[in-house]
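The values are calculated or read from the model by the stated rules, or taken from the named source; none is laboratory data. What you see is a predicted model, and the numbers here were worked out from it, not measured in a lab. Cβ placement follows ideal geometry from the backbone for every residue including glycine, while neighbour counts extend to all protein chains displayed. Please note that ligands, DNA and RNA were not included when accessible areas were found on the heavy atoms of the full protein model with its side chains. Shrake-Rupley method; radii C 1.70, N 1.55, O 1.52, S 1.80 Å.
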Amino acid sequence: MLEAMLARRFPAALLIAIFAFAFHARGEEAFCKSKTMAQCTAGMRHQDGLFPLDYDAQTGKLFLTVRHLDEDFLLIGSLPYGLGSNDIGLDRGKLIAKHLVHFMRSGPRLLLIEPNQDYRSSASNPAERLAVRQSFAESVLAAFPLEAEEGGSLLIDVTSYAIEDDLSIIEQLKAAKQGGYKLDPKRSTVLADDLKDFPRNTEITALLTFATDEVDAKSLIATVTPDAHAVTLRQQLSLIALPGPGYQPRAYDPRAGYFASQYRDYSAPLGESLDVRRITRHRLIKKDPAAAVSEPVEPIVYYVDRGAPEPIRTALMEGASWWAQAFEAAGFHNAFRVEVLPEGADAMDIRYNMIQWVHRSTRGWSYGDSITDPRTGEIIKGQVTLGSLRARQEYLIAEALLAPYDGKTPSTELQQMVLARIRQLAAHEVGHTLGLAHNFAASAIAPGTSVMDYPHPAVSLDANGRPDLSHAYAPGIGAWDKTAITYGYAQYAPGAEEQAALHAILDKAQQQGLYFLTDEDARPLGSVHPFAHLWDNGSDPVAELDRILTIRKAALARFDEAAIPQGTPMSQLEDTLVPLYLLHRYQTEAAAKSIGGLNYRYALRGDGQPVTTPIPLAEQRRALAAVLATLSPETLALPENLLKLLPPRAPAYDRTRESFPSRTGLTFDAVDAAESAAGLTLALLFEPTRATRLAQMEGDEHTLNLANVIDAILHATWKAPRATGAAAPIQYAIQAATLEHLLALAANQEASAETRAIARQQALALRAWLEHLPATPADAAAVRQAAIARIASFERDPDKFTPAPTPAAPPGMPIGDDEQDDAVVR
């Protein structure tokens with residue numbers, strides 16, 4: 001009757017909305033109805049703390065008491081248990097969601113609101129502050145029906161919120177192309193035994209099950225889940241009290257090596273920047289502010305995961321403890337220490353800065369993250385994630401270089417190298433959680449300048465021509481690290497001019513030859529600074545490339561079955577060979593940056609630093625010659641005796657992405673291995689932004705230009721003397737790959753029109769040269785004719801040109817090639 005009456009008076013869409021609202025209202029009916037708080041929670045498991053919790057074991061419901069409305073706190077979402085796949089992410093201990101929020105009452109409900117921290121006003125006038133707040137949106141993250149209230153305390157049911165996908169796991173699985181998962185509430189629940197409440201933080205953990213009907217058996221998620229139709233993870237929500245007063249924010253300076261916390265202040269005076277930038281750092285205060293060196297009021301303490309095995313655990317503690325040296329230099333005594341996590345303590349507890357040892361199915365990144373007060377930049381908790389397979393990859397590198405197995409137990413040299421790397425890694429990632437960014441210029445300044453660089457193992461040859469790894473990684477904190485910590489943490493006596501003292505720290509560093517360059521200047525394939533690079537060594541990147549190629553040649557000459565333990569299938573030599581064969585890959589990238597490169601600093605007006613300096617022409621030519629040597633068939637061909645030791649793969653020892661590519665089926669493909677290595681170099685030389693810079697240098701006699709560089713590449717590949725024997729097919733593969741990269745540049749719309757025109761002209765000139773070559777052997781003639789046809793096909797319809805892919809080289813960096821590696825998460 002009611003439905004019929006409504007149907008005559010209201011449109012169908014409005015009726016749907018009315019009934020949906022009525023159903024929603026019924027669904028929000030309070031569980032406790034008219035009971036008092038005490039009556040509602042009687043018999044429940046109670047925990048007191050920041051937000052008191054009451055858990056009903058009969059219904060599985062979780063209630064939370066709110067004592068203060070409109071009071072900001074932090075809401076952090078994390079994963080106490082992870083997925084185990086580096087490619088997907090979702091690691092154990094990962095911090096995913098970070099919000100500053102407060103509860104606001106709206107009639108029978110409490111709203112969880114995230115105010116907008118990106119736009120603020122520092123004005124003392126409330127009307128000015130309100131004007132900014134009203135100008136930008138805020139976010140209501142959740143709404144909770146009010147169950148009961150008593151004496152100003154409000155009781156809400158947070159069960160549904162605790163088992164929602166608050167960390168956007170479904171989106172992350174979709175982004176990783178793992179399928180269309182949905183949260184199954186029936187297979188999700190609050191974990192009563194993992195509920196914890198403390199005076200400064202409340203911890204809520206739930207078990208979440210994500211389900212799908214369709215699973216790709218070859219998907220990444222299928223490799224790490226017992227049944228990929230049901231993926232079960234644990235989600236932790238941490239409600240954290242904001243720090244009290246007493247923290248003094250410190251201004252960000254791009255030269256100092258810190259991450260920035262920033263917002264816009266619309267009360268800034270005209271002529272001053274709206275953007276406020278502050279460094280992120282822990283709170284550290286001297287007991288005696290007037291003393292040059294003082295004990296802290298409260299030290300910074302980091303805790304090492306009890307799940308890290310020995311001797312790894314001790315190495316982690318030793319490496320992380322290096323930072324005490326930096327704090328001593330900054331004027332603090334006993335300000336930083338490292339301990340093993342106490343028995344029974346929760347690693348996700350806000351009170352513990354953690355160094356976690358995390359396992360994955362494949363090797364991957366390590367990183368340092370932090371929970372930070374967005375109002376001030378104060379770090380509240382540091383969270384380090386170290387991938388356990390890093391140690392095993394390091395061991396593999398040592399095996400490849402040393403070939404240590406002579407039938408006996410290998411020497412301790414391998415383990416010592418691994419532990420040296422773990423110490424450095426622990427220090428590096430803790431550095432991020434102290435607020436420090438990467439300094440990729442450090443390795444070019446001097447060995448051991450900073451643990452915030454990415455170190456390539458320092459390999460040398462001993463008197464017998466054997467690789468020596470005894471000094472692979474420099475121990476201890478470096479000069480730059482002490483400078484950065486002093487800038488960020490030094491406390492000055494009352495009345496001192498702090499800003500002048502901070503500038504003096506950086507001026508002194510400049511005078512000592514210390515400077516800072518970070519990710520934006522090092523990671524892009526076409527970046528230009530010759531001294532900002534990952535996994536390189538030495539103040540002369542070109543000389544270091546020559547040296548690395550010499551070491552590589554010597555190590556390959558002695559590489560044999562002694563590189564694997566007794567009883568290991570001989571086919572495993574192929575995987576041990578990978579890091580040695582590609583030993584030069586990162587130093588090649590470093591040297592390539594001098595081609596069309598630019599030396600510069602993060603200079604401020606008036607600070608006396610050099611602003612920009614082009615790389616001299618002679619240096620660019622030297623760099624080009626060194627890089628082109630990595631395309632030589634003689635460099636990339638493997639010794640014949642070694643090839644005889646590489647059989648087809650043994651059963652159950654299949655190729656993985658860590659293996660060389662192969663177009664020859666079961667057998668080892670030496671040509672594909674060489675082509676994949678050549679592809680790394682060609683990608684550098686034909687990188688569109690580098691090529692466009694070089695194209696703009698046409699007519700400048702003081703630098704290389706694009707025509708010069710392409711001509712040199714073609715002379716080193718197509719126009720080089722014809723290789724013979726096993727090197728001949730490698731030369732053909734390199735020539736074909738070179739042509740594909742040249743034509744791809746000519747067709748690349750991201751390159752400038754001038755760049756594309758020069759590349760096209762060079763391709764047509766190569767075709768003309770090939771067409772007028774004298775008669776050649778049959779194999780060389782076939783390659784030549786194919787190249788002529790390929791260029792002609794491009795010329796007919798360049799818009800439809802698709803370059804043939806170069807075989808992908810195995811992942812190189814010990815932590816992968818993704819820009820997320822090691823950073824906060826950066």
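Apply 1/(1 + (r/R0)^6) to the Cβ-Cβ distance of HIS46 and GLU295, taking R0 = 51 Å, and write down the FRET efficiency to the nearest 0.05.
0.80
Please list the non-local residues whose amide H lies under 5 Å from the amide H of GLY596, H modeled 1.01 Å from N, same-chain partners needing a gap of 5 or more.
LEU704
Could you derive backbone 3J(HN,Hα) for the range 343-356 from the dihedral phi with the Karplus parameters 6.51, -1.76 and 1.60 (θ = phi - 60°), listing whole Hz in sequence and x where the residue is Gly or Pro?
4, x, 6, 9, 4, 8, 5, 4, 6, 10, 6, 10, 10, 9
How far is the Cα center of the range 476-516 from the Cα center of the range 156-219, in Å?
Cα centroid to Cα centroid, the span is 45 Å.
Accessible area per residue for the range 280-426 in Å², computed with a 1.4 Å probe and the full protein assembly in place, what is it? Present the calculation step by step, with values, prior to reporting the outcome.
Working: 5240 Å² over 147 residues.
In whole numbers, the range 280-426 has 36 Å² accessible per residue.
Per residue of the chain, what 222 nm ellipticity follows from adding -39500 (n - 2.57) for every DSSP H run with n ≥ 4, rounded to the nearest 500?
Using -39500 (n - 2.57) per qualifying helix, the result is -10500 deg cm²/dmol.
Under 8 Å for C-alpha pairs, at least 6 residues apart: give me the relative contact order for the chain, rounded to a whole percent.
With pairs under 8 Å counted, the relative contact order is 9 percent.
If you fit an axis through the alpha-carbon atoms of helix 312-321 and take the longest principal axis of the Cα set of the chain, what angle between them do you get, 0 to 90°, nearest 10?
Taking Cα atoms only, the helix is inclined about 80 degrees.
Quick one: 3J(HN,Hα) in Hz for the range 304-309, Karplus 6.51/-1.76/1.60 with θ = phi - 60°, rounded, Gly and Pro as x.
Values per residue, Gly and Pro as x: 8, 3, 5, x, 6, x Hz.
Amide H to amide H, which residues 5 or more places from ASN353 or on other chains are under 5 Å from it, using H placed in the peptide plane?
Residues meeting the criterion, in which the H sits 1.01 Å from N, are TYR303, GLY382.
Just to make sure I understand: if all protein chains stay in place, what is the order of HIS333, HIS772, HIS702, HIS529 by accessible area at 1.4 Å, largest first?
Highest to lowest solvent-accessible surface, that is HIS772, HIS702, HIS333, HIS529.
Once amide H atoms are placed 1.01 Å from N in the peptide plane, what residues at a sequence separation of 5 or more from ARG277, or on another chain, have their amide H within under 5 Å of its amide H?
For ARG277, whose amide H was placed from the backbone, the distant partners under 5 Å are TYR252.
Sequence gap at least 6, Cα distance under 8 Å: using those rules, report the relative contact order of the range 256-348 to the nearest whole percent.
Normalised by residue count, the contact order of the range 256-348 is 24 percent.
Looking at the range 597-637, which trypsin sites (Lys or Arg not before Pro) are in a loop (DSSP not H, G, I, E or B) and have at most 10 other Cβ atoms within 10 Å?
Those that pass, being in a loop and sparsely packed, are ARG605.
Which whole-number percent gives the relative contact order of the range 602-751, counting Cα pairs below 8 Å spaced six or more residues apart?
28
Straight-line reach only, C-alpha to C-alpha below 23 angstrom: list the lysines that LYS186 could link to, leaving out same-chain residues fewer than 8 apart.
Leaving aside lysines fewer than 8 places away in the same chain, those within reach of LYS186 are LYS61, LYS174.
Hand me the trypsin sites (Lys or Arg not before Pro) from the range 32-125 located in a DSSP loop with no more than 11 other Cβ atoms within 10 Å, in residue order please.
LYS33
In the range 719-795, what GluC sites (Glu not before Pro) fall in a loop by DSSP, with at most 14 other Cβ atoms inside 10 Å?
GLU750
What accessible area, in Å² to the nearest ten, does a 1.4 Å probe give for THR776?
50
Quote the accessible area belonging to ILE96 in square angstrom, nearest 10, computed with a 1.4 Å probe and with ligands, DNA and RNA left uncounted.
Ignoring ligands and nucleic acids, ILE96 comes out at about 50 Å².
Carbon and sulfur atoms: what percent of the 1.4 Å accessible area of the chain do they account for?
C and S atoms contribute 54 percent here.
Any chance you could look up the accessible area of LYS182 with a 1.4 Å probe, heavy atoms only, rounded to 10 Å²?
Roll a 1.4 Å probe over it and LYS182 shows about 150 Å².
Taking θ = phi - 60°, what integer Hz values does the Karplus form 6.51 cos²θ - 1.76 cosθ + 1.60 yield along the range 794-799, in sequence order, with x for Gly and Pro?
4, 5, 5, 8, x, 5
Counting only heavy atoms of the protein chains, get the accessible area per residue of the range 767-812 (1.4 Å probe) and round it to a whole Å² value.
Accessible area per residue: 59 Å².
What whole-number value in Å² describes the accessible area per residue of the range 488-563 for a 1.4 Å probe? Could the numbers behind the result be given before it?
Working: 3140 Å² over 76 residues.
Per residue, the range 488-563 has 41 Å² of solvent-accessible surface.
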